[in-house]
Each structure stands twice: as structure tokens, then as C-alpha cells.
Amino acid sequence: MEKNKKIFFTPGPTQLYPNVAKHIKDALSNNICSISHRSREFEVIFSETTESLKRLLNIPNGFHVFFLSSATEAMERIIENCVAEHSFHFIGGSFSERFYIIAKQLMKSPEKLEAEFGKGFEFDLEIPGKTELICFTQNETSSGVAVDMEDIYAIKKKNPEKLVAVDIVSSVPYVNIEYSLVDCTFFSVQKGFGLPAGLGVLIVNDRCIEKSKLLSNKGYNIGSYHSLLSLLSKAEKRQTVETPNILDMYLLREISKELNNIGIEKIREETEEKANMIYDFFDRHELYSPFVQDKGIRSKTTIAIKTPNGSGEVINRLSEKGFVVGSGYGVHKNEQIRIANFPMHRAGDIKKMLRLI
């Protein structure tokens, strides 16, 4: 390993995808950062980025791709445009809780089901009839718990009239979404796509657009320049409402093309193989162990490990050898490490890191 060259296994921002540096150089050479977001050149970037994502994630017709500043902004836009009063939130950690808190801050009346940190949900519940939007965080970055998409689909099938929003921030592109059974998803690019932070992607269907129109017509505040209606009006012209992060959009196009060339099934297969390698190692370790005990809900992409003697020692030791892992989240900062497992993370590097542990 080159001197001072580190490999980041942090859960986001994380290791850049290998060819990002080349694509940045190409973008600068081609003046991508200077073009107008009303230009023909930008419209090509918008269109090709959207089409590459739709192909990679198998997003069908009837869904619209919008570009925002972050996944957190996507939460706010979804609540503003899809909820008059009542949302329901499955909370299993800090990021699913953020979705709920945003609904509260927007003066809605959200309800919630909370699972113990590191545990799964009991899904045999009745969603309140007044609920307009059901919110899931499919992969909870803070705890390392993943919600089975089949459980989300079952909730949707029992409540077909309600909208369903799914946070896929730390599981995309690995997670496989059946879009006929969800209404919107969202993510940011600094995790599974290995890009610099600063771009969020919101994917919504026509039912979300219709709900936004309904709320607007009834006099509800659906936001200002980034309402779904404003975003759609510009997206239909292959444009954005405001000057966006054009560099990140360009990079997302290039990396999505590369991932499409690899093939999504191979990406998923490799992700599972690497996750199994990590979990098998820690299941046998004398000192460290997976935080999530139930193997059926263990995340394949953000893996939380208990460190009984504190996380600082192992984090520092790995960093000295060129491997950067994340600490635990929030109150678990000093008692856990978190290891990201995204497409840019190589099995050989994981093996080297585990040998050091």
C-alpha cells in the first residue's frame, strides 16, 4: 500500500469508486463545472444520468428521477408533498428517527413504531386508517439492521391506498426494489456509489405527484422551489429547478455506466460474498462480535461490530495500517465499529483488514 494511502470502509462518505479521479479530471478538462444548467450539454448529462440509474436499479416507466442536495432533503420533500397530516414511521435507529422528526418539524402529526436498537420489527400491526404515508428506512446505517423488502411489500399490499416511502441510502445499489410495491425511494451518492457528497436522488411515482397536486390545490404548503411539481416541470425538460451539483451528476452518470457494465446481479452476489466473509470472521472472533444477533436482519452493506474494550484502539490500529473504519453511531460511538461493504470495496482489501484485526 502506498505511503499515507488509506482505504475507507466508513459508512459514508466512504472510499471513492476507483475511476472517480479519472472522471473528475475529464470533467475539468471538458469544462463540465462551467456549463449552464439550461444548456443542451447539461440536458444530455441529466438524461443519460437518469437513464443509467433507471437501467441499473430497474426503475420502470411512471417513476420520475429528481436531483436534490441530500437524502435528508428528500425526507423533507416527501413529507411536504405527500402528507397533509398523518405519516407512520418504522423507527429502528437514528436515520429512521430523523424521518419522523422532520415530519414533526413540518407540523404534521406522525405516528411511529419503534424497535429496540439492533433489533427487528414486529410487522403484525394495523397501520392507522388515517395514515397517508408509511415510511421505512430499509437499511439503518446507525445500527446495521436491514428490513426485508418482503415485509415492506406485505405492508403495502395490506394498505394499497397509502403511499410508501423507502430510504435506501446505505443499501443502494445492492437492494433490489420491486417498484410496483413502493411509491418513492431516495438515496445520496456518497455511500454505495462512492462519490463525493453533495447530491441526493429522489425517485417518485405518479401517485406522489398527484398527492402533491391535491395538497397544493387544497392550500397546503408543499415547499417552494423544490416541490415535486416544480421538480417535475423542469425534469420533463431534462433540467433542474436551480443550479445543481453538475459535477456530481456527471460523476453519477459515469459510475452508473460502469456498474451497469459489471451487472447488478454480479454486484449483489459480490456484496453478499463479502458480507458473509466479514460476518463469519466476527462470529468466530474471541473478542469482537456482530452487534445484530439475528442473522436474518443483518445488513449486507453496513456492518456493526461490538468492541467490548472500546472502539478507539482497533480504529487507531487499523488506521495506522491504512484502513479506516467507522466508529459506532451516537451513544455507541466508543463501543462499536461499523464497516461499510459497497461495490468499490474489494474482497482482497477486506481480507487484509480482517487479518490485522
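Read the figures in this text as sums done on the coordinates, not as results from a lab. Small disclaimer: the values here were computed from a predicted structure and weren't measured. In this analysis, Cβ positions are derived from the backbone assuming ideal geometry, glycine residues included, and neighbour counts consider all displayed protein chains.
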*Taking amide hydrogens as modeled 1.01 Å from N in the peptide plane, which residues meet the under 5 Å criterion relative to Phe291, leaving out close sequence neighbours?*
Ala304, Ile305, Lys306
*Out of residues 5 or more away from Val164 or on other chains, whose amide H comes under 5 Å of its own, with H placed 1.01 Å from N in the peptide plane?*
Ile134, Asp183, Cys184
_Qualifying lysines (Cα of each under 28 Å from Cα of Lys295; at least 8 residues distant if same chain)_ = Lys112, Lys119, Lys156, Lys157, Lys158, Lys191, Lys266, Lys274, Lys306, Lys333, Lys351, Lys352
*asked:* Assuming 0.36 nm per residue, please report the length gained on full extension of the stretch Ala347 to Asp151 beyond their Cα-Cα distance.
replied: 67.6 nm
_Antiparallel bridge percentage (DSSP; both residues within the chain; nearest 5)_ = 55
_the range 20-261, dipole about Cα centre (Lys/Arg Cβ +1, Asp/Glu Cβ -1), debye to the nearest 20_ = 680
*asked:* So, R0 is 41 Å and r is the distance between the beta-carbons of Ile262 and Lys112; what FRET efficiency does that work out to, to 0.05?
replied: 0.60
*When the Karplus curve 6.51 cos²θ - 1.76 cosθ + 1.60 is applied with θ = phi - 60°, which whole-Hz ³J(HN,Hα) does each residue of the range 244-253 get, with x for Gly and Pro?*
x, 7, 4, 4, 5, 4, 4, 5, 5, 4
*Rounded to whole Hz, the Karplus (6.51, -1.76, 1.60) HN-Hα couplings of the range 177-184, x for glycine and proline*: 9, 8, 5, 6, 10, 9, 10, 7
*Which ordering of Asp124, Asp26, Asp349 is given by a fewest-first count of other beta-carbon atoms within 10 Å?*
Asp124, Asp26, Asp349
_Can you return the aspartates and glutamates within cross-link range of Lys213? Criterion is Cα-Cα under 13 Å, with same-chain partners fewer than 8 residues away left out._
Glu80
*Given that just one value was derived from the coordinates, which of (i) 61, 55, 33; (ii) 62, 46, 30; (iii) 56, 56, 49 is Cα extents along the principal axes in Å?*
(i)
*Order by neighbour count: Glu48, Glu140, fewest other Cβ atoms within 10 Å first, most last.*
Glu48, Glu140
*Rounded to whole Hz and in sequence order, give me ³J(HN,Hα) for the range 135-143 from the Karplus expression 6.51 cos²θ - 1.76 cosθ + 1.60, θ = phi - 60°, writing x for Gly and Pro.*
10, 10, 10, 5, 10, 7, 4, 6, 10
*asked:* Nearest 500 deg cm²/dmol is fine: what mean residue ellipticity at 222 nm does the chain get from its DSSP H runs of n ≥ 4 alone, each adding -39,500 (n - 2.57), divided by its residue count?
replied: -12500 deg cm²/dmol
_Check which residues have an amide H placed less than 5 Å from Lys112's amide H, if you skip close sequence neighbours._
His89
